[in-house]
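Q: Let me give you the structure first, and then I'll get to my questions.
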Amino acid sequence: IKMTVKDKVLDSGRTKLGVILSDGVKSGINALFMPGVKVGSNSWVGPNVVVYQDLTANTMVMLKQNLEERKLNT
């Protein structure tokens, strides 16, 4: 698992590593964090969001979804 530390990508030397969450982080249902991701303090991660990279402190990430409804020709 590789992590970014002080703008350098380093190998953690581990085969398993979860997310590193700072104080005050809130995450929604089904939020997914890739291995080695760091989330800064007081950040919000909305439901169904996949976090691929580090988030700085006081960041909010939400998933926008557009639904399209059509009539079927029967």
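The values are calculated or read from the model by the stated rules, or taken from the named source; none is laboratory data. Keep in mind that what you see is a predicted model, and the values were worked out from it rather than measured. Cβ placement follows ideal geometry from the backbone for every residue including glycine, while neighbour counts extend to all protein chains displayed. Areas reflect the complete protein model, heavy atoms only, side chains present, ligands, DNA and RNA absent. Shrake-Rupley method; radii C 1.70, N 1.55, O 1.52, S 1.80 Å.
Q: Looking only at segment 40-53, which residues are assigned to a loop (DSSP other than H, G, I, E, B) and open to solvent by 60 Å² or more (accessible area, probe 1.4 Å)?
A: Of everything in segment 40-53, those that are assigned to a loop (DSSP other than H, G, I, E, B) and open to solvent by 60 Å² or more (accessible area, probe 1.4 Å) turn out to be Asn42, Pro47, Asn48, Tyr52, Gln53.
Q: Please determine, by comparing only the residues of segment 23-74 that are of a type in the set (Asp, Glu) and free of Cβ contacts under 8 Å to residues at least 24 places away in the same chain, which one is farthest from Ser12 (Cα to Cα).
A: So the residue we want is Glu69.
Q: Now for a different question. Name the single residue, out of those in segment 1-39 being hydroxyl-bearing (Ser, Thr, Tyr) and in a loop (DSSP other than H, G, I, E, B), that is nearest to Lys64 (Cα to Cα).
A: Top of the filtered list is Ser22.
Q: Within the group Met62, Met34, which residue is of a type in the set (A, V, I, L, M) and open to solvent by 90 Å² or more (accessible area, probe 1.4 Å)?
A: Met62
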